[in-house]
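Step one of this worksheet: look at the structure below.
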Amino acid sequence: MTAEDYTAIILSLAVALAATISVVCVGTPIAWYIAKKPFRGSGLVVAISTLPLVLPPTVTGYLLLEIFGRRAIVGHFLEQQFGLVIVFHWTGAVLAAAVTSFPLYFVSARSAFASVDFAYEQAARLMGCSEWTVFWRITLPLSIRGLVAGGVLGFVRALGDFGATLMVAGNIPGRTRTAALALYDATILGDAARARSLVAVLGAVAVAAIWFAGRPLSKGGR
Amino acid sequence: MTQQVHVFQSKICSSIPGRFELDLELKTNHRVTALFGPSGAGKTTILKLIAGWLESNSTVALHGNPSGRVQPLRDRGVGMVYQDDLLFPHLDVLDNAQFAIKYARSERRMEPSVFDSLCENFGIVHLLGRKIFNLSGGERQRVALVRALAAMPKLLLCDEPVSAVDRVGRTELLANLQSWTEREQIVVIMVTHDHDEIRRMAGHVWHIDAGRLIAEGSPDSVI
């Protein structure tokens, strides 16, 4: 592997981590709300949230360009107000990875929250606990396995994203070239040794992540 | 002084068959009121209505507070002991028993010394370090009683609180419950099928069938 490939692997891990953190922060409250307080129209929110799972990644990437491109409404606003350019930038890679991995976390988290027996939460409320305490002390510990599993799936999906990342962030060595893109380059250039090394690294990280998600939790899980 | 608990409901959610039409009055000159009736009569539903678990068009006025305002569960001052105990599976015995002390709003936090005597009263001191899944059914019910009482309720709702205990243990556990609720001036509504228990514990009985009050009065006049 070249120094550039190591950079690509580190960039991939950083992008996947940043995307997973964003997905957990945004997805957890939405999943909790939909699971615990369904409302008219929550089906539509679920459908939109899971759309990136079924759309071709290039379509997701194209839609993100339509929203966050420099001439698009949101993209233009971000650049004017905050000097933030998403396209052809590592933040674009994070955005693409976050959007494509969001459904995997959201679906797991929603089902984990829904599986927590309402009676436990009511029992805690009746003992004088606030909604905040009920969430942190009852709902979250009882659903943590599902949340961790969803987070790991989301991380692995973010790590492996190709299409959406390429559309939004491009393939700039040292800046937006993630390991999945570097693997594509190595394959196109016929460099089998490099390609195999990248496959081994990406595969090992994915296997380690799945093992981590499946191991028993020492405390807090069921 | 008479505290009143009025429960009135004309209709509740359709997932529960039948209609409830109840207007119950609870007088605190009877420390324990028994809720008695055949299976499926709606006894647990009535407890959940009083506790505020079920969304319905019922009006529940607790502790002499006649307002129809729906109080959040945490402000009701009601404790509940469940038929299937509902001990939190991710916490050990101590954390379950102390749940309200650790996490409830401050005015419902029991003094540590009082909590210690509560644990002694119910004989769970030796269980405090154990995991919930290592307890027997009777032990679980003791812990559930301690957990509910540690939240310092004014009204305790018990849904067959000693059903998993043998007859000897049952008498002892009910005696523990009686002594604690007398000491702390807690009013109890207790679902039970056992006539002896009703005669021993209750000053007043509500006989419920198909969601309606069939009879009420002293134990001897009702059963």
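Which residues, if any, in the range B:101-144 lose at least 30 square angstrom of accessible heavy-atom surface (probe 1.4 Å) when the other protein chains sit next to their chain rather than the chain being alone?
SASA drop of 30 Å² or more in the range B:101-144: B:Y103.
Which listed residue (A:W32, A:L183, A:V99) has the Cα farthest towards the positive end of the charge dipole for the protein assembly as shown, taking +1 on Lys and Arg C-beta and -1 on Asp and Glu C-beta about the Cα centre?
A:L183
What's the extension gain from B:K102 to B:A210 if we count 0.36 nm per residue and subtract their Cα-Cα distance?
Extra length from B:K102 to B:A210 when fully extended: 34.9 nm.
With a cut-off of 18 Å, note down the residues of the range A:89-110 whose backbone N falls inside the zone around a label point 7 Å from the Cα of A:V59 toward its beta carbon.
In the range A:89-110, the label zone of A:V59 (backbone N under 18 Å from the point 7 Å along Cα→Cβ) covers A:96-97, A:99-104.
Just order B:32-43, A:197-208 by mean Cβ neighbour count inside 10 Å, highest at the front, would you?
So the order, starting with the most tightly packed, is B:32-43, A:197-208.
Most mobile of A:P57, A:P29, A:P38 per a Gaussian network model of chain A (Cα springs, under 10 Å)?
A:P38
Relative contact order for chain A: what percent, with Cα pairs under 8 Å and sequence separation of 6 or more?
31 percent
So which trypsin sites (Lys or Arg not before Pro) in the range B:73-168 pass both tests, a DSSP loop state and at most 12 other Cβ atoms within 10 Å of the Cβ?
B:K131
With solvent modelled as a 1.4 Å probe, how much accessible area in total do chains A and B shield from it at their shared surface, in Å² to the nearest 100?
Summing both sides, the interface buries roughly 1900 Å².
Hey, any idea what % of the protein assembly as shown's accessible area is carbon plus sulfur with a 1.4 Å probe?
On the protein assembly as shown, the fraction of accessible area on carbon and sulfur atoms equals 60 percent.
Calculate the FRET efficiency for A:E66 and A:A3 from the Cβ-Cβ distance with a Förster distance of 45 Å, rounded to the nearest 0.05.
0.80
For A:V85 and A:I210, calculate 0.36 nm times their separation in residues minus their Cα-Cα distance, and state this gained length in nm to one decimal.
41.6 nm
What residues qualify as long-range amide H neighbours of B:V81, i.e. H under 5 Å apart, gap of 5 or more or another chain, H built at 1.01 Å from N?
B:L157, B:C158, B:D159
Would you mind classifying the range A:99-161 by shape? Square roots of the alpha carbon gyration tensor eigenvalues, ordered a ≥ b ≥ c; an a/c under 1.5 is rounded, otherwise it is prolate if a/b is larger than b/c and oblate if not.
prolate
For B:H126 and B:E184 in the same chain, what is the full-extension length gain: residue separation times 0.36 nm, less their Cα-Cα distance, in nm?
Net length gain for the segment: 18.5 nm.
So which trypsin sites (Lys or Arg not before Pro) in the range A:70-145 end up in coil per DSSP with only 10 or fewer other C-beta atoms within 10 Å?
Answer by residue number: A:R71.
Hey, rough spin-label estimate for A:L17 and A:V74, points 7 angstrom out along Cα→Cβ, what's it come to in nanometres?
Between A:L17 and A:V74, the simple spin-label model gives 2.5 nm.
What dipole magnitude, in Debye to the nearest 20, does the range A:3-214 give about its Cα centre under +1 on Lys/Arg Cβ and -1 on Asp/Glu Cβ?
About 380 debye.
Which entries of A:K37/B:K154; B:K102/B:K154; A:K36/B:K102 have Cα-Cα distances beyond 27 Å here?
Result: A:K37/B:K154 exceed 27 Å.
With each label point set 7 Å from Cα along the Cα-Cβ vector, what nm distance links B:S218 and A:V26?
Taking the two extended label points, one gets 7.0 nm.
Using heavy-atom solvent-accessible surface (probe 1.4 Å) with all chains present, what is the largest-first order of A:F106, A:F68, A:F88?
From most accessible down to least: A:F88, A:F68, A:F106.
In the range B:89-103, which residues have a backbone nitrogen under 17 Å from the label point lying 7 Å from A:W132's Cα in the Cα-to-Cβ direction?
Residues passing the 17 Å test: B:102-103.
The values are calculated or read from the model by the stated rules, or taken from the named source; none is laboratory data. Fair warning: this is a prediction, and the values are worked out from it, not measured in the lab. No Cβ is skipped: glycine too gets one built from the backbone with ideal geometry, and neighbour counts run over all protein chains shown. Quick note on the areas: whole protein, heavy atoms, side chains included, nothing else; ligands and nucleic acids left out. Shrake-Rupley method; radii C 1.70, N 1.55, O 1.52, S 1.80 Å.
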